[in-house]
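Engineer: Supplied in structure tokens, the structure appears directly below.
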Amino acid sequence: RHTALLLLLATAPAISQTQPRQVAEVLAPELQTPDVVAFQLRNYLMKKAPRLPAVGSAEEWTAEARRLRRRTLEEVVFHGWPREWVEATPRFEDLGLVPSGKGYRMRKLRYEIVPGFFSTAILYEPEILRGKVPAVLNVNGHVGAPGKAIEYKQKRCIHQAFQGMLALNLEWLAMGELTAKENQHWFGAHLDLVGANAAGLFYLAMRRGLDYLWQHPQADRSHIGVTGLSGGGWQTIVLSALDERVTVSIPVAGYSALAARIERPADTGDIEQNATDLLTVADYSHLTAMRSPRPTLLVYNAEDDCCFRAPLVRPDIFDRVRPFFRLYNKEQNLAWHENTDPSDHNYQRDNRIQAYRFFARHFGLPLPESETPVDAEIKSYDELAVGLPKDNLTILGLARKLTAGIERRTAGRSELTATLRYQPAKVTRAWALHNTKRKELETRSYRFEFSNGLSATAVWLKAIAAAENAPVTVVLNDQGKKNAQVLVSDRVNHGEQVLAVDLLFTGDAAPQKPGPSSYTQMLATLGERALGMEVAQLAGVVAWLGQRPVRIETSGIRSQMAALAAAALEPGLFSEIVIRDGLRSLSHLLETPIEYQTAPDLFCLDLYKLFDVARLVELAAPTKVVWK
């Protein structure tokens, strides 16, 4: 048979001489719209969105919340993080006082998140500090360069000090003094890749602030609060749901249940908000319910120009959570405020006054009627700058550092199946959408429906003179099949059948506005892996062909990894894999670096920790792997 194949290939040029331009005309037409792909993905996600459980008593929910809290921390947040880092005593340096206004004072602090990675903070104290007083952790959102110096946050902290509270103003990753490209939150995907869930770094960065307040000699441990806007709202609910030291929680415009994010993809959020595997344990409605019966004020803006509009978020986050507070006869402890002045994405005066009064009510402090004007006391960025070590780590730098500790054992197919969450998917229908048969070339265009409700597209091509059972080459291209015309033409001219495929998240099997990275995040937080889903489609398409093994040629790192993973998981699927423009090691994703949005399907939790390209090639044996 091998001899016959060689003879066929040797004589192939006499069979047909298609030109790339001719092939491009067949590959270019769109076989399905991005809206169809997005609709399928939204349906897929919605079926998997977790629902709040039905509970009949406060005791039952207390036990369940305790279980969810433990699982979220152990199985998700601290997955892969060194235990000694998680349990480390907080290290804070007091760098002295900052000149401040009457009635309060400020001091600069620097603290260690994990070894080699420092952040900064400003502590606001009442000018006269006697005995034990309430303390509030003020976390930050996506405010960019101003960071902790942002105007509305300074006003909030100053007023909290006026009320007689300690107010700790934390810097946030990628903001203020931590502004650096390698601190962009998307680099959290690189932490996932090397085996440390990105949520762990974000959680430790804010929990260190809570640890500081808890250990402050004048902090009243029975009156600890957390509040913040946007990303700070996200931090607020996560920390105050998972750490029972938080008495009062006031998240502002910071999150929604997954169902709302599926309905409105603009609310998807950043990679930390969609922490890998988080929703296998608890959605944000669960986290909110885990606050019961502790006082919680949910603040949202009616016409938010960023995300999480109040009327659209309320059903899942407030209405469905109220019964959990009712179990404790503490329904009044879950409060709601819808801001209409100025109604956009803000923590301005109206929202701040609501927060002051809520803290005062539950901390036993006098209720403020208004906010004391402090515009003249707002400090500049430079005045609040604390300073960081010159060699301070970044998110990407930390991911690179963690690779030094990787000690791979010989992981096999079962571990790869688990890492990629691989579940086979069959082609349930191949829609034949179009065909051509002219100029010595025959083609047929397909849309494949799979058993999981998702789809892929492909074009089959063959020279009319080629044998009916001619060898098959599958072609994948990171830029979509429409960019594979040269390779496809070449293989047809060799007398082969060619199937040029767009797998999920590629070509016309990809959603747009938002693009693939929004959906890969939501899949990951539900415990799915985009790469595993692509592998399932590839194996399903080969099974549909009814001819094994087949050759496969890939162009680009995403297509390469789908082919190698498929060959490793399904022995005998391919006779040969030809890789163009590929990577020899997943370290390329870290060292280049490749940004998450460029190849979101490759950033699977634990993938580089357990496997590298060479190991996938070994598992694919006896499939021949050729690099070009």
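The values are calculated or read from the model by the stated rules, or taken from the named source; none is laboratory data. Since the model is a prediction, treat every value here as computed from it, not as a measurement. We place every Cβ from the backbone using ideal geometry, glycine too, and count neighbours over all the protein chains shown. These accessible areas exclude ligands, DNA and RNA; they are computed on the full protein's heavy atoms, side chains included. Shrake-Rupley method; radii C 1.70, N 1.55, O 1.52, S 1.80 Å.
Engineer: Considering (1) closer than 21 Å to L210 by Cβ; (2) modelled with pLDDT under 95, say which one G56 fails and leave the rest.
Structural biologist: Among (1) closer than 21 Å to L210 by Cβ; (2) modelled with pLDDT under 95, the lone unmet condition for G56 is (1).
Engineer: For the stretch 171-181, indicate whether the set of residues that are outside any loop (DSSP other than H, G, I, E, B), out of contact with any Ser or Thr (no Cβ under 7 Å at 6 or more places or on another chain) and either under 23 Å from L607 (Cβ atoms) or of a type in the set (F, W, Y) (or both) is non-empty. Steps first, please.
Structural biologist: Step one: of the stretch 171-181, the residues outside any loop (DSSP other than H, G, I, E, B) are 176-178, 181.
From the residues that got through so far, the ones that are out of contact with any Ser or Thr (no Cβ under 7 Å at 6 or more places or on another chain) too are 176, 181.
Now narrow it down to the ones that are either under 23 Å from L607 (Cβ atoms) or of a type in the set (F, W, Y) (or both): none.
No, the stretch 171-181 has no match at all.
Engineer: Are any residues in the stretch 518-567 within 19 Å of M46 (Cβ to Cβ) and not charged (D, E, K, R), and if so, which ones?
Structural biologist: Those that are within 19 Å of M46 (Cβ to Cβ) and not charged (D, E, K, R): S518, Y519, T520, Q521, M522, L523, A524, T525, L526, G527, A530, M533.
Engineer: A follow-up question, please. So, in the stretch 257-313, exactly how many residues are touching a strand residue (DSSP E or B) at 6+ places or on another chain (Cβ under 6 Å), under 24 Å from K513 (Cβ atoms) and β-branched (V, I, T)?
Structural biologist: 1
Engineer: Is there a residue being of a type in the set (A, V, I, L, M, F, W, C), within 16 Å of Q521 (Cα to Cα), assigned to a loop (DSSP other than H, G, I, E, B) and open to solvent by 10 Å² or more (accessible area, probe 1.4 Å) anywhere in the stretch 247-267? Lay out the reasoning, then the answer.
Structural biologist: Filtering the stretch 247-267 down to residues of a type in the set (A, V, I, L, M, F, W, C) leaves 248, 250, 252-253, 257-260, 262, 266.
If we keep only those that are within 16 Å of Q521 (Cα to Cα) as well, we get 257-260, 262, 266.
Narrowing the set further to residues that are assigned to a loop (DSSP other than H, G, I, E, B) leaves 257.
Retained after the next criterion (residues that are open to solvent by 10 Å² or more (accessible area, probe 1.4 Å)): none.
No.
Conditions (1) among the small types (G, A, S); (2) within 23 Å of A198 (Cβ to Cβ), marked per residue:
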position	(1), (2)
P82	no, yes
T89	no, no
F92	no, no
K102	no, no
L123	no, no
G164	yes, no
K181	no, yes
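Engineer: OK, next. Would you mind stating whether T72 is part of a helix (DSSP H, G or I), polar (S, T, N, Q) and at pLDDT below 95? First the steps, then the outcome.
Structural biologist: Working: part of a helix (DSSP H, G or I): yes; polar (S, T, N, Q): yes; at pLDDT below 95: no.
No, not satisfied.
Engineer: List the residue pairs whose Cβ atoms are under 8 Å apart, where the first residue sits in the stretch 376-392 and is among the polar types (S, T, N, Q), the second is surrounded by fewer than 17 Cβ atoms within 10 Å (Cβ to Cβ), and the two are 6 or more positions apart or on different chains.
Structural biologist: N392/G116
Engineer: Take the stretch 346-369 and flag every residue that is open to solvent by 50 Å² or more (accessible area, probe 1.4 Å), in a loop (DSSP other than H, G, I, E, B) and modelled with pLDDT of 95 or more.
Structural biologist: Q348, G364, P366, L367
Engineer: Within the stretch 394-403, can one find any residue that is of a type in the set (S, T, N, Q), at pLDDT 95 or above and surrounded by 17 or more Cβ atoms within 10 Å (Cβ to Cβ)? Break it down stepwise before answering.
Structural biologist: As a first pass, look at the stretch 394-403 and keep what is of a type in the set (S, T, N, Q): 394, 403.
Add one more test, that the residue is at pLDDT 95 or above, and what stays is 394, 403.
Cutting the leftovers down to surrounded by 17 or more Cβ atoms within 10 Å (Cβ to Cβ) gives us 394, 403.
So far as the stretch 394-403 goes, yes, one or more of its residues are of a type in the set (S, T, N, Q), at pLDDT 95 or above and surrounded by 17 or more Cβ atoms within 10 Å (Cβ to Cβ).
Engineer: Of all residues in the stretch 583-618, which are open to solvent by 40 Å² or more (accessible area, probe 1.4 Å) and assigned to a loop (DSSP other than H, G, I, E, B)? Please lay out each step first, then the result.
Structural biologist: Residues of the stretch 583-618 that are open to solvent by 40 Å² or more (accessible area, probe 1.4 Å), as a first pass: 584, 588, 591-593, 595, 597-598, 609-610, 614-615, 617-618.
Across the stretch 583-618, the qualifying residues are R584, T592, P593, E595.
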